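Structure, as structure tokens:
The values are calculated or read from the model by the stated rules, or taken from the named source; none is laboratory data. Just so we're clear, the structure is a prediction, and the values are computed from it rather than from any experiment. Glycine gets a Cβ as well: all are built from the backbone with ideal geometry, and neighbour counts include every protein chain shown. Keep in mind that these areas ignore ligands, DNA and RNA; they rest on the heavy atoms of the full protein, side chains included. Shrake-Rupley method; radii C 1.70, N 1.55, O 1.52, S 1.80 Å.
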Amino acid sequence: MTAPAAADLLAWYDRHRRALPWRAVAGERSDPYRVWASEIMLQQTTVTAVKPYYERFMARFPTVRHLAEAPSEEVMQAWAGLGYYSRARNLHACAQAVMASHGGRFPDTEDGLRALPGIGAYTAGAVAAIAFDRPAAAVDGNVERVMTRLFAIEEVLPGARPLVREKVLALLPKDRPGDFAQALMDLGATICTPRNPACGLCPWREPCVARVEGMQESFPRKAPKKAGATRYGAAFVLARADGAILLRTRPAKGLLGGMAEVPTSEWSAGYEMDGAAQDAPLPLRWQRLPEPVRHVFTHFPLELSVFTAKVPAGTAAPSGMRFTPAERLGDEPFPSVMLKVLEAAGLR
Ligand code: SF4
């Protein structure tokens, strides 16, 4: 069996590279700001999901300076819907650090990048390779899949990661590390897919051990997943007669930090719905909607029972909350779960 060679992958990439909004055209150097922002957005989600957010985000914050100087609510609002809001906070903090400590230029080494807020091993490797052509390994889920198949790596993830990294570094071509990183990403995303990989079109079909053994889909080896217990809670949608809705802002730290929400109870596995009225922001005649809203976070599924009530125009918001006029609801940085709650209550 022949050994895999970077040249075969690069030849394939030169013919089949994806055109992506954050990717420079062939032969041109990528903009580190665009590469970095796209890599943060792409974590845990797909290119298709990210594209429209990315375009809007870049139109709003065309440079790292625009992003650093924007108010945090504006950044959260542009991010709303992408999930994982701690990333948006880190993104903002990172842009500010690049302005404050690096004169608005991203550091051009993996170590320099890793020292910035929210930049882990993967993102540092990806930005160093793609934007600065550094010989760095950017190992994400796609790359893990390709490498564990190519070499039939038996060790389960995430324990196998150092070995995967080693394999990538051993293959890395000195002259085109940025293209190699992007080629690996493209191969994993378009050919070496989780199910039914298109091995017939793969530039590494000859040396791929998993293909030769007909075992492609059994790699990467994974330990069985433990799902978190479902959490329950109550969400209170209070509409004033003038159409304004009662909202509050979640604490800056933690799940959905800094995002807008209608008042809710705590979310817990043992939440007692019978006592929900005690968690309501005002003692009113609350109507419970027949169907709860369901949402799945990374670590747990959530089921929120939605309660609605109306109050006269002129009612003041309880402390720490605000009434947002109906026509301004679109400006609030709602996470997806809250958009579902508002939709269930007929407000979207
Ligand atoms: S031959 Fe198939 S399994 Fe192996 S790397 Fe290529 S697409 Fe993936």
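Can you name the residue in segment 231-256 that is among the small types (Gly, Ala, Ser) and farther than 23 Å from ALA326 by Cα and, of all such residues, is modelled with the highest pLDDT? Outline the logic, then answer.
Of the residues in segment 231-256, the ones among the small types (Gly, Ala, Ser) are 233-235, 239, 241, 243-244, 252, 254.
Retained after the next criterion (residues that are farther than 23 Å from ALA326 by Cα): 233, 252, 254.
Working: GLY233: 95, ALA252: 83, GLY254: 83.
Among those that are among the small types (Gly, Ala, Ser) and farther than 23 Å from ALA326 by Cα, it is GLY233.
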Of those in segment 161-188 that are touching a Leu at 6+ places or on another chain (Cβ under 8 Å) and of a type in the set (Lys, Arg), the residue surrounded by the fewest Cβ atoms within 10 Å (Cβ to Cβ) is ARG176
Just one listed residue, out of ARG240, ARG211, is within 16 Å of the ligand (Cβ to nearest atom), more than 25 Å from the chain's Cα centre (by Cα) and buried (at least 17 other Cβ atoms within 10 Å of the Cβ), and it is ARG211
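Please verify whether segment 94-116 includes one or more residues that are touching a Cys at 6+ places or on another chain (Cβ under 6 Å) and more than 26 Å from ALA260 (Cα to Cα).
First pass over segment 94-116, keeping only residues touching a Cys at 6+ places or on another chain (Cβ under 6 Å): 116.
Those left that are additionally more than 26 Å from ALA260 (Cα to Cα): 116.
Yes, the conditions are met somewhere in segment 94-116.
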Worksheet item: Looking at this structure, is TRP22 under 30 Å from MET338 (Cβ atoms) and touching a residue at least 60 places away in the same chain (Cβ under 8 Å)?
Response: no
Within segment 89-142, residues being open to solvent by 50 Å² or more (accessible area, probe 1.4 Å), aliphatic (A, V, I, L, M) and part of a loop (DSSP other than H, G, I, E, B) number 1
If we ask which residues in segment 43-60 are open to solvent by less than 60 Å² (accessible area, probe 1.4 Å) and in contact (Cβ under 8 Å) with a residue 40 or more places away in the chain, their number turns out to be 2
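Being more than 11 Å from the ligand (Cβ to nearest atom) and at pLDDT 95 or above is true for just one of ALA115, ALA121, ALA160. Which residue is that?
Numbers: ALA121 fails: at pLDDT 95 or above; ALA160 fails: at pLDDT 95 or above.
Of the residues listed, the single one that is more than 11 Å from the ligand (Cβ to nearest atom) and at pLDDT 95 or above is ALA115.
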For segment 1-19, pairs from a residue that is in the same structural domain as ASP186 (by TED's automatic domain parsing) and on the phi > 0 side of the Ramachandran plot to a residue that is assigned to a loop (DSSP other than H, G, I, E, B) and crowded, with 17+ Cβ neighbours inside 10 Å, with Cβ under 7 Å and 6 or more apart or across chains, are none
Going through segment 307-342 in order, the residues found to be farther than 13 Å from ILE245 by Cβ, in a helix (DSSP H, G or I) and open to solvent by 20 Å² or more (accessible area, probe 1.4 Å) are SER336, LYS340
Restricted to segment 180-208 and to residues being part of a helix (DSSP H, G or I) and not aliphatic (A, V, I, L, M), the residue nearest to the ligand (Cβ to nearest atom) is CYS199
For SER30, the lone unmet condition from (1) open to solvent by 20 Å² or more (accessible area, probe 1.4 Å); (2) part of a loop (DSSP other than H, G, I, E, B) is (1)
